[in-house]
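Take a look at the structure set out below.
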Amino acid sequence: ILNVEQSPQSLHVQEGDSTNFTCSFPSSNFYALHWYRWETAKSPEALFVMTLNGDEKKKGRISATLNTKEGYSYLYIKGSQPEDSATYLCASASGGSYIPTFGRGTSLIVHP
Amino acid sequence: KAGVTQTPRYLIKTRGQQVTLSCSPISGHRSVSWYQQTPGQGLQFLFEYFSETQRNKGNFPGRFSGRQFSNSRSEMNVSTLELGDSALYLCASSLDIAGVGFFGPGTRLTVL
């Protein structure tokens, strides 16, 4: 994988559903993986930064895991709420660069 | 603690003109990174400044330049504007190079 790829591109879920997204990134020379939440008309907000293989981070109903050997990270949201509606971005610093490369994001819409 | 501020928030220019955008980082943050977001694209890295020195540069033409002042405030300049330069320009500040970025609200540039 040469670029940072996120899937799915968009997701519609019902309030209360649990959901997850995937971020794939170059696994060589890994440095860090960042997750951001970007709500409409606001600034991207940092959720997690992970650096070690097997890292798991949690913030309220949101959690993330990291597999640096195979180059992927999962973001989980448990019991989605309408206020979780946002674009979720991941950014990987790997492949020989310390500069985070962003994926195109997963747009989540949670319907009441 | 005040967040990252960017000025102006909105800007309309015509082709061929030049523009300067400003970013004031969080107090104590010495790294400022600039990103461009266009429709359908992820955040594209422009450059990063740390202690008044450009440390990293993305794949953008020389029309895009920047600088950082001793108080860590940064400016980004785009000369000879093209229609394709219409975008949201975000800056992010962090304590260290390639650290967790705290984003500003962005400057929406429209080139007519």
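The values are calculated or read from the model by the stated rules, or taken from the named source; none is laboratory data. Computed from a predicted structure; not experimentally measured. Glycine gets a Cβ as well: all are built from the backbone with ideal geometry, and neighbour counts include every protein chain shown. These area figures cover heavy atoms from the full protein model, side chains too; ligands, DNA and RNA do not enter into them. Shrake-Rupley method; radii C 1.70, N 1.55, O 1.52, S 1.80 Å.
Miscellaneous remarks
- The protein assembly as shown - convex hull of alpha carbons, volume per residue in Å³: 122
- Rg/Rg_globular for chain A, with Rg_globular taken as 2.2 N^0.38 Å and Rg from C-alpha atoms: 1.01
- For chain A, modelled as a GNM whose springs connect Cα atoms under 10 angstrom apart, the maximal fluctuation among A:A41, A:A32, A:A64 occurs at A:A41.
- Cβ-defined net charge surrounding B:S74, 13 Å radius [Lys, Arg +1; Asp, Glu -1]: +1
- In this assembly, the A-B interface accounts for approximately 1300 Å² of buried accessible surface in total, computed with a 1.4 Å probe and without ligands, DNA or RNA.
- Heavy atoms of the protein chains alone define the surface here; on that basis chain A has 50 Å² accessible area per residue at 1.4 Å probe size.
- Per-residue surface analysis assigns A:E15 an accessible area of about 90 Å², computed on protein heavy atoms at 1.4 Å probe radius.
- Shielding by partners - mean other protein chain Cβ count within 10 Å, residues of B:30-42: 2
- Contact order normalised by residue count of chain A, Cα under 8 Å, 6+ apart, percent: 38
- Accessible surface of chain B, 1.4 Å probe, proportion on carbon and sulfur as whole %: 48
- Tally of Lys pairs whose C-alpha atoms are under 18 Å apart, taken over chain A, 8 or more apart or cross-chain: 4
- About the centre of its Cα atoms, chain A shows a dipole size close to 180 debye [charges on the beta carbon of Lys, Arg (+1) and Asp, Glu (-1) only; nearest 20 debye].
- All aspartates and glutamates inside 20 Å of B:K13 as judged from Cα atoms, apart from same-chain residues fewer than 8 positions distant: B:E75, B:E82, B:D85
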